1. Using only alpha carbon pairs under 8 Å that are at least six residues apart, calculate the relative contact order of the chain and give it in whole percent.
2. What lysines does K675 reach when the alpha-carbon gap must be under 30 Å and sequence neighbours fewer than 8 apart in one chain are set aside?
3. Probe radius 1.4 Å, ligands and nucleic acids ignored: give me the carbon and sulfur share of the accessible area of the chain as a rounded percent.
4. How large is the charge dipole for region 493-583, taken about the Cα centre, if only the Cβ atoms of Lys, Arg (+1) and Asp, Glu (-1) carry charge, to the nearest 20 debye?
5. Counting only DSSP beta bridges with both residues in the chain, tell me the antiparallel percent, nearest 5.
6. Go through P400, P592, S307 and say which Cα lies farthest out towards the positive end of the charge dipole of the chain; charges sit on Cβ, +1 for Lys and Arg, -1 for Asp and Glu.
7. Take the Cα atoms of region 504-564, build their convex hull, and give its volume per residue in Å³.
8. Going by accessible area, probe 1.4 Å, with all protein chains left in place, what is the ranking of R672, R498, R512, R375, largest first?
Amino acid sequence: MADDAHDSSSPTPRDAAPPAAAQPDEAQPAGYRVPPLSQEGRTLTTSQGLRLRDTDHSLRAGARGPSLLQDHHLREKITHFDHERIPERVVHARGAAAHGHFESYGTAASRTVADFLAPGRVTEVFTRFSTVVGSRGSADTVRDTRGFATRFYTREGNYDLVANNIPVFFIQDGIKFPDIIHAAKPHPDREIPQAQSAHDTFWDFVSLHTEAQHHAIWQMSDRAVPRSYRMMEGFGIHTFRLTDAEGGTCLVKLHWKPLLGVHSLTWEEAQMLGGADPDFHRRDLADAIDAGHFPRWELGMQVLPDSAEEMFEGIDLLDPTKLIPEELAPVQPVGLLTLDRNPTNYFAETEQVAFHPGNLAPGIDVTDDPLLQARLFSYIDTQITRLGGPNFSQLPINRPHAPVDDMLRDGFGQQAVHEGIAPYSPNSLDGGCPMTAGADPSAFLDVPAPVAGSVRERRAPASFEDHFSQARLFWRSLTALERDHVVAAYSFELGRCREVAVRERQVQCLARIDAELCRRVAAALGLPAPEAEEPPAEDMPPSAALSQLGGRWPVDGRVVGVVVDPDVLPRDLEATLAELETARLRPLIIAPQGGEVVGRPVDRTFATAQTFELDGILLAGAPAAAVDARPTVDARAGTPVTGAAAVVDGAGRAVASAVDPRVIALVQGCWRHAKPIAAWQDGEQVVEDSGVAGRLAGLDPSGAGSGAAAGVVIAADGLAAAEALRDLLAEHRVWTRFEPAAS
């Protein structure tokens, strides 16, 4: 093609946009590096660097003729496209991730020689969150266990802590892993339901394989529908062994504790989000980091004696279906994880990262937990298939930030150009290199733990036979409100099962956990409640750490919807928005249409705003119905109202309001989901029209701060409204608004 054939209207080549700058008060630590294989240059080329004049037309035999086989650019472009997808993970397929750093407090230095836990050490990390059962195309907010996998790029090689947001697992032995996953996945005949446990095969398995009951009750709790990855606890599940500088050992359970607290969605919110915003969790994580609200977790350890029997207070430390109550072994903080940088490319980083619980650090070793033992094989095996061969560790996201000399050669995807002629040991031709580290204290040590004389057999220890006491501990540690949610979850999930025998068998299992739980679920399913099993007298007392409620937490990154009427703006609106941001909240301006308000862009219109993306709502006006507030355009415009401003038809029915009905729907949704509501000036009219004011059970809705017991505040000005809202958000939701069911 001639040079002058280039389209003159094509944009001028320019450099790629730089990554978003770090927040001024949250500077990224030194040491971040650009992946060495990132593309560069301003001119389009082939994969071999050949500069291209045109990428819009195939090479043809004349303008109307057939395409030619010799078109190497067409063949390369189409062939690469045909192979852009790799097999998704069997589990944890849908994920979101971020880069960050881990700063050691030094408090674990006396327990382990692991370098990244030395005093003051800062280590780069990459953390991936995920659902377990669903495919890559499933929704974020399904009821499911969540993965919480963190790679530490330590000076001694990669260390992976491959955790979940539930501290126990469904099974005790890895040989059962294919069974639980096959049971939880969609039915193979119809490939439905996707990313759900509310179906027959799941409950058939867990009701028959009763060691799964402890995990199942956690999955029926609010823990299975987290508000955000930023507000999700993480657990290493297994027991690990630490080695100190003198060779002494201890056993530990590892925990991630979010500084924002552990919070959840309501079940209705989770279901609505699955349709309206299936990317809610990944969007929330990325948006928070972009806004400078960097999520943080403390890494903690429950330190346990390394005894020959590997038991603690009667709990088998090799049983992954058991936890250690924090009252028996407090969680000791050892460092702080901060996620402060979003991935540059989802596929190259989030999708291709290959975690493995066998990626260990000197001073950290595995135990004989039979689930962990199987994971040590499974993770390596699956990556070979997913990532096209044994060299997946050479991908940029998987490369250690420590020197590598492994003598592994060749294979699919080999990127290194190895030197030397003797990749074997011992050798003399390459000077004997690479040599083993010998007694170097920085080298990994397989702890010489004793193995008791035994018989080769397929059998679990007797201590693995208790399948119900810890499920009972969890239930009895929850507040009455949390128990309501567990009952509702069991009732919903089992109500979706077609086989009556499956429902009946699971209700029998609930009878072995707690009589109240069994009775309430059986009543919801229309089944007789079997006689409950009398719990043993030595049952453990409730553990406060298992409940999510009752505390106060930072409000960083909480999303506040600010409803405005552009025609009547409060004078203090700009100052109120600034006050919200000073309090580390994220205001979303919600207006009838797009544009700007007080020099800020409108974030949502009444047509696009949804209750479930808000943590609270601030009413700065009473906007009239916009032109698109018609039920045929937006169903929420049919929201009935009963307030003083309602317009009634001849039959006395409320048919309209001076306020846009979609704003009424937002407020009613916030009320229903126990979210705080604050208003000032004309915003008070919205509270009245929504019917919320009439539900305050006699509380006087006038005056700053009144009504706060029900989470509804009518304030004298915007600053007072913002302050009251911030105070309410510190408790996540206003659960005192609703009475829990009587036991």
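1. Details: 1378 pairs, mean separation 79.1, N = 743.
After rounding, I find 11 percent.
2. Candidates past the 8-residue exclusion: K257.
3. Numbers: 18760 of 34940 Å².
Accessible surface attributable to carbon and sulfur in the chain totals 54 percent.
4. Numbers: 10 positive and 17 negative charges, 91 e Å.
It works out to roughly 440 debye.
5. Details: 65 of 83 bridges.
DSSP beta bridges in the chain are roughly 80 percent antiparallel.
6. The residue sitting farthest along the positive end of the dipole is P592.
7. In region 504-564, the Cα convex hull volume per residue is 169 Å³.
8. Numbers: R672 120, R498 175, R512 100, R375 35 Å².
These residues rank, largest area first, as R498, R672, R512, R375.
The values are calculated or read from the model by the stated rules, or taken from the named source; none is laboratory data. This structure is a prediction, so every number in the text was calculated from the model and none was measured. All Cβ positions, glycine included, derive from the backbone under ideal geometry; neighbour counts span all protein chains shown. Accessible surface areas use protein heavy atoms only, side chains included; no ligands, DNA or RNA. Shrake-Rupley method; radii C 1.70, N 1.55, O 1.52, S 1.80 Å.
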